[in-house]
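Data first, discussion second: the structure below is written as structure tokens.
Laboratory data are not the source of any read-out in this text; all were calculated from the coordinates shown. Bear in mind the structure is a predicted one, so any value in this text is a computation, not a measurement. Heads up, the Cβs are rebuilt from the backbone with ideal geometry, glycines too, and the neighbour counts pull from every protein chain shown.
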Amino acid sequence: MRGPLPGAEFERGVPPLGLDEITSRPTVLKCMGRSYSAARADGAIVIQDVTDITHPLPLGRAEQCSGALWSVHTPRGLLAGRTDGMLHAIAALREVTWPPRDPGPQGGQGHGADDAAATRC
């Protein structure tokens, strides 16, 4: 994923949660069968997988890039995508963090595993 999903539709009357709406108080969201926490800290949005509350897994950060867009980065600094929506940020981080279930030609490394792909906004 490299930005908003083409053709993505949302329920009528229910706008998607924007990254600029996240506060320092953690917001918990359910996405793709898992639970995630997002909170603003030091000018960025810190995103964690909190499905197992005894072992939260840091997924990355979203930092304002330009206008309404935010750059979403893994804990290692790799660019996972640019978006303005919380669920798109989570989906981008999950895609980069978790290897595909079918190893296929990538050898189970997942998308974005190449450090050369790291870029900044």
| request: Could you go through region 77-93 in sequence order and give the Karplus-derived ³J(HN,Hα) for each residue, using 6.51 cos²θ - 1.76 cosθ + 1.60 with θ = phi - 60°, rounded to whole Hz, and x for Gly and Pro? | output: x, 6, 6, 9, x, 10, 7, 10, x, 4, 5, 5, 5, 4, 4, 5, 5
| request: Hey, can you grab everything whose amide H is under 5 Å from the amide H of Gly85? Only 5+ residues off in sequence or another chain; H modelled, so Pro and N-termini drop out. | output: Leu19
| query | Residue by residue, what Karplus-based ³J(HN,Hα) values in Hz, rounded to whole numbers, does region 25-38 have, using 6.51, -1.76 and 1.60 with θ = phi - 60° and x for Gly and Pro? | reply | 7, x, 9, 9, 10, 9, 8, 6, x, 10, 10, 10, 10, 9
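Among 28-39, 85-96, how do they line up by average Cβ neighbours within 10 Å per residue, starting with the highest? Numbers along the way, then the final one.
Numbers: 28-39: 14.9, 85-96: 23.2.
Ranking, from highest mean packing down: 85-96, 28-39.
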| What is the gain in length, in nm to one decimal, between Glu95 and Leu17 on full extension, counting 0.36 nm per residue of separation less the C-alpha to C-alpha distance? | 26.1 nm
| Sequence-distant residues sharing a close amide H with Ala80 (under 5 Å, placed H) | Val72, His73, Thr74
| request: For region 39-54, take each phi angle, set θ = phi - 60°, evaluate the Karplus expression 6.51 cos²θ - 1.76 cosθ + 1.60, and give the result in whole Hz per residue in order, putting x for glycine and proline. | output: 8, 7, 8, 6, x, 10, 9, 9, 10, 10, 8, 10, 4, 9, 5, 7
